[in-house]
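Remarks on the structure that follows.
The values are calculated or read from the model by the stated rules, or taken from the named source; none is laboratory data. Since the model is a prediction, treat every value here as computed from it, not as a measurement. We place every Cβ from the backbone using ideal geometry, glycine too, and count neighbours over all the protein chains shown. Quick note on the areas: whole protein, heavy atoms, side chains included, nothing else; ligands and nucleic acids left out. Shrake-Rupley method; radii C 1.70, N 1.55, O 1.52, S 1.80 Å.
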Amino acid sequence: MKPFPIVALALLAAGCASTSETYPSRTATEQLLVARAADRAVEGLTLPVPAGSRVFVDDAFFRAENAAYAVSAIRNALSEAGYALASSKAEADAVFELRAGALSLEQMRRVFGLPDMRVPINDTFNVVSIPELSLYSRRDRVGVAEFSGFLYDPKTGAPLGAVLPMTGEFRIRSHKLLMIVAWGQQSIDPGQRDTGDSWREF
């Protein structure tokens, strides 16, 4: 046997490499949907205290996935509105205590035809899966954010006012015809602020 094929096979084997992938609980598109919804929720945020007041943002009771991003977006909105951010309650003129009503995703699918189904076939709970049989289907993925809060005097605890729920959504939509032809936005690009027209995006 000639040595050349053996050497070539050895080089190919030596050049092989494998990569490991992680699988987080949410995809990048899902994370961006929630982040953009949070950005929209805090647009134009103002507080019932004079501009220039030193405000401490209390997020001790703000519990949600991606909470850190949402709190930072709120702090940024307050800074842009002319409030000074205090690093502690002792240095603040007002404490803004936050709470999260929602910071998550919704998915909606509309089908003209038969959706995928799981049908029981006997009394022992065995089921058979039937795939979707549709002429047309539409999928919406929506990031939803809702925050609210209230303000109080850090020295006396007296109420200074409340902030009504701030809400924001960011949606992407895709379409499928005859279960084969797909168009519309499938994902979000980092930094993207406008989803565009899903009917024209192929």
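Being under 24 Å from F112 (Cα atoms) and part of a loop (DSSP other than H, G, I, E, B) is the filter here; which residues of the range 123-132 pass it?
Scanning the range 123-132 gives P131, E132.
Would the range 79-87 turn up any residue that is open to solvent by 70 Å² or more (accessible area, probe 1.4 Å), in a helix (DSSP H, G or I) and either modelled with pLDDT of 95 or more or touching a Ser or Thr at 6+ places or on another chain (Cβ under 6 Å) (or both)?
For the range 79-87, residues open to solvent by 70 Å² or more (accessible area, probe 1.4 Å), in a helix (DSSP H, G or I) and either modelled with pLDDT of 95 or more or touching a Ser or Thr at 6+ places or on another chain (Cβ under 6 Å) (or both): present.
Can you find a residue that is assigned to a loop (DSSP other than H, G, I, E, B) and surrounded by 13 or more Cβ atoms within 10 Å (Cβ to Cβ) anywhere in the range 95-110?
Applying the first criterion (assigned to a loop (DSSP other than H, G, I, E, B)) to the range 95-110 yields none.
Among the residues of the range 95-110, not one is assigned to a loop (DSSP other than H, G, I, E, B) and surrounded by 13 or more Cβ atoms within 10 Å (Cβ to Cβ), which makes the answer no.
Filter the range 44-60 down to the residues that are within 27 Å of L105 (Cβ to Cβ) and open to solvent by less than 20 Å² (accessible area, probe 1.4 Å), then identify the one that is nearest to the chain's Cα centre (by Cα).
L45
Are any residues in the range 120-142 under 30 Å from A182 (Cα atoms), open to solvent by less than 70 Å² (accessible area, probe 1.4 Å) and out of contact with any Ser or Thr (no Cβ under 8 Å at 6 or more places or on another chain), and if so, which ones?
Hits for the range 120-142 are V127, V128, I130, E132, S134, Y136, S137, D140, V142.
Report every pair of residues separated by at least 6 positions or lying on different chains whose Cβ atoms are under 7 Å apart, first residue within the range 174-201 and touching a residue at least 40 places away in the same chain (Cβ under 8 Å) and closer than 22 Å to L32 by Cα, second of a type in the set (D, E) and open to solvent by less than 40 Å² (accessible area, probe 1.4 Å).
Note: no pairs meet the criteria.
If a residue counts only when it is of a type in the set (D, E, K, R), which strands (runs of 3 or more DSSP E) contained entirely in the range 133-195 have at least 1 such residues?
On the way: elements: 133-152, 159-177, 181-184.
By residue number, 133-152, 159-177.
Looking at M166, is it aliphatic (A, V, I, L, M) and in contact with a helix residue (DSSP H, G or I) (Cβ under 6 Å, 6 or more places away or on another chain)?
It is true that M166 is aliphatic (A, V, I, L, M) and in contact with a helix residue (DSSP H, G or I) (Cβ under 6 Å, 6 or more places away or on another chain).
Taking interchain pairs and intrachain pairs at least six residues apart, which have beta carbon atoms under 8 angstrom, with the first residue in the range 48-75 and over 25 Å from E30 (Cβ atoms) and the second open to solvent by 10 Å² or more (accessible area, probe 1.4 Å) and among the aromatic types (F, W, Y)?
V49/Y83; A51/Y83; G52/Y83; S53/Y83; R54/Y83; V55/Y83
Taking the condition open to solvent by less than 90 Å² (accessible area, probe 1.4 Å) and over 27 Å from the mean Cα position of the chain (by Cα), does S174 pass?
no
In the range 61-75, which residue that is at pLDDT 95 or above and either within 19 Å of A162 (Cα to Cα) or in contact with a Pro (Cβ under 6 Å, 6 or more places away or on another chain) (or both) is most open to solvent (accessible area, probe 1.4 Å)?
So, considering only residues that are at pLDDT 95 or above and either within 19 Å of A162 (Cα to Cα) or in contact with a Pro (Cβ under 6 Å, 6 or more places away or on another chain) (or both), the one most open to solvent (accessible area, probe 1.4 Å) is R75.
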